[in-house]
1. Of all residues in the stretch 292-314, count the ones that are assigned to a loop (DSSP other than H, G, I, E, B) and either free of Cβ contacts under 8 Å to residues at least 24 places away in the same chain or of a type outside the set (A, V, I, L, M) (or both).
2. Where residues in the stretch 272-304 are within 25 Å of GLY247 (Cα to Cα) and in contact with a Cys (Cβ under 9 Å, 6 or more places away or on another chain), which of them is surrounded by the fewest Cβ atoms within 10 Å (Cβ to Cβ)?
3. Determine which member of the set LEU279, LEU329, LEU287, LEU274 is at pLDDT below 95 and hydrophobic (A, V, I, L, M, F, W, C).
4. Since GLU87 meets every condition but one in (1) surrounded by fewer than 15 Cβ atoms within 10 Å (Cβ to Cβ); (2) assigned to a loop (DSSP other than H, G, I, E, B); (3) modelled with pLDDT of 95 or more, which condition does it not meet?
5. Only one of (1) within 24 Å of HIS275 (Cα to Cα); (2) touching a strand residue (DSSP E or B) at 6+ places or on another chain (Cβ under 7 Å); (3) not β-branched (Val, Ile, Thr) is not met by ARG221, so which one is it?
6. So which residues in the stretch 90-108 are surrounded by fewer than 17 Cβ atoms within 10 Å (Cβ to Cβ) and hydroxyl-bearing (Ser, Thr, Tyr)?
7. Check the stretch 49-71 and report whether any residue there is open to solvent by less than 30 Å² (accessible area, probe 1.4 Å), at negative phi and more than 20 Å from the chain's Cα centre (by Cα).
Amino acid sequence: MVKIYDVIITGAGAAGLLAASRLDLGDRSGLILEATNAPGTKLRMSGAGHCNFTHEGSIKEMVPCYGEQGKKIRKILYRHNNQSFVEFLESFGIPSHSRDGGRIFPRSESSQEVLTALLEQVRQNNFAIKKGFRVQSIQPIPDSDSDHPTDHLPGNLWQVACENGATFQTRHLVITTGGKSYPSTGSNGRMWEILARDLGLTIVPPRPALAPISVANYPYRELSGLSFEKAELSITAPGRKIKRMQGGLLLTHHQFSGPAALNISAEAQVSDTLHVNYLPKMSREELTNTLHQILDRVKGNPASEMASRLGLPKRFCQGILLRSQGKNLASDSISSTEGLSPKRIAALLQDDQFQVSAVPDWNKAMATSGGIALSQVNPTTLEFRDYPGLYAAGESLDVLGITGGYNLQFAFSSASAVAENLAERISGATFR
């Protein structure tokens, strides 16, 4: 006789482990199917290994950080908020602290500490983890032993078949297979294909997100490492709504990076125009007047005066002056103000334009835009409307937060919503 699990979770990533760690099955049985041999790989990578798991501030302020989807997930964000996440980890003896403008980390700065605690709680909650079990198909089937069949389903059990030939059955199935970023970690987007094929579910086409932006004729190789506390980036293209993002900006050898670039990267398509404003707090008129004053006052190289008056790195100001005259940053120099145009310099400082040359590949994107369309799930429980007993959480859903701990927060909020609902349905189970 085939063993029927009370819950099967597909994927031992952040959302899967959080769901299992919040759902104590008592004497019931749960199973996590993990495609790789290393549960929680992305969790270990989060925050460069330091685990930036959420962000401080009111939950009201967090909702817009998920873009247009924020309002749709508002209920679960409020119910299972950032303070709840902090307290949850504290219950394992993992205190936290904030830095870098409100990002919250474990005090130990160790993602491994968080992963170890979750894995131990998963075990205590009576979930087993099977490693190397990649799901191949999902089918609803009749439960001949059930006294309460579900009329509007082909069956009220879920059968999960894996690529290695193993087959499992469960009364409740939770999809937590993540997105497509860093496919070597096991999340390659294959589950979306399975859900569309086997169940006819709608999948919003996935796009790489939270990645540096590549542009044609990138001019700042020599300035790699310079950063700006607050810049404004926008993406424009004919017939498309302008997208804007403010935040830190980092110049690398080949690309624009930092929070502002990462957060807008999912909107960028090849041949779009990227606009960079390095001084978003100043009006164009104020900036132009200030530049006039600087050029009238200084007879030699005005880079130092610009840096002082505008609060910009001196090397960057030198680069902008060179670019305003069509000169090479690596080999040319500025010796006087002759030929410098305040209007041209102001345009470069507040509307530096580049053509997007490539979208990032999945190996460089930290997250995924797209996934299971939210219209198909109950916004409170994340159970599929047309498939009772089937749930989804985390990055498998079409939800993308900005960088700063917001995506792990959604993993917690969504996993908690699923676990809480399952605890109400499964006799003897409790929500932790």
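1. The first filter runs over the stretch 292-314 and keeps only residues assigned to a loop (DSSP other than H, G, I, E, B), leaving 298-302, 311-313.
Add one more test, that the residue is either free of Cβ contacts under 8 Å to residues at least 24 places away in the same chain or of a type outside the set (A, V, I, L, M) (or both), and what stays is 299-302, 311, 313.
Residues that pass the stated criteria total 6.
2. As a first pass, look at the stretch 272-304 and keep what is within 25 Å of GLY247 (Cα to Cα): 272-288, 290-291, 303-304.
Restricting the remaining residues to those that are in contact with a Cys (Cβ under 9 Å, 6 or more places away or on another chain) gives 303-304.
Numbers: ALA303: 22, SER304: 14.
Ranking the qualifying residues of the stretch 272-304, first place goes to SER304.
3. Details: LEU279 fails: at pLDDT below 95; LEU287 fails: at pLDDT below 95; LEU274 fails: at pLDDT below 95.
Sole residue among the options that is at pLDDT below 95 and hydrophobic (A, V, I, L, M, F, W, C): LEU329.
4. With respect to (1) surrounded by fewer than 15 Cβ atoms within 10 Å (Cβ to Cβ); (2) assigned to a loop (DSSP other than H, G, I, E, B); (3) modelled with pLDDT of 95 or more, GLU87 is out only on (2).
5. Every listed condition holds for ARG221 apart from (2).
6. SER91, SER98, SER108 - these are the residues of the stretch 90-108 that are surrounded by fewer than 17 Cβ atoms within 10 Å (Cβ to Cβ) and hydroxyl-bearing (Ser, Thr, Tyr).
7. no
Condition check ((1) surrounded by fewer than 18 Cβ atoms within 10 Å (Cβ to Cβ); (2) in a loop (DSSP other than H, G, I, E, B)) across all residues:
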| residue | (1), (2) |
| --- | --- |
| SER181 | no, yes |
| ASN188 | no, yes |
| ASN217 | yes, yes |
| PHE228 | no, no |
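The values are calculated or read from the model by the stated rules, or taken from the named source; none is laboratory data. The structure displayed is predicted, hence computed values, not measured ones. All Cβ positions, even for glycine, are placed from backbone atoms using ideal geometry, and neighbour counts span all protein chains on display. Protein only, heavy atoms only, side chains kept; ligands, DNA and RNA dropped before computing areas. Shrake-Rupley method; radii C 1.70, N 1.55, O 1.52, S 1.80 Å.
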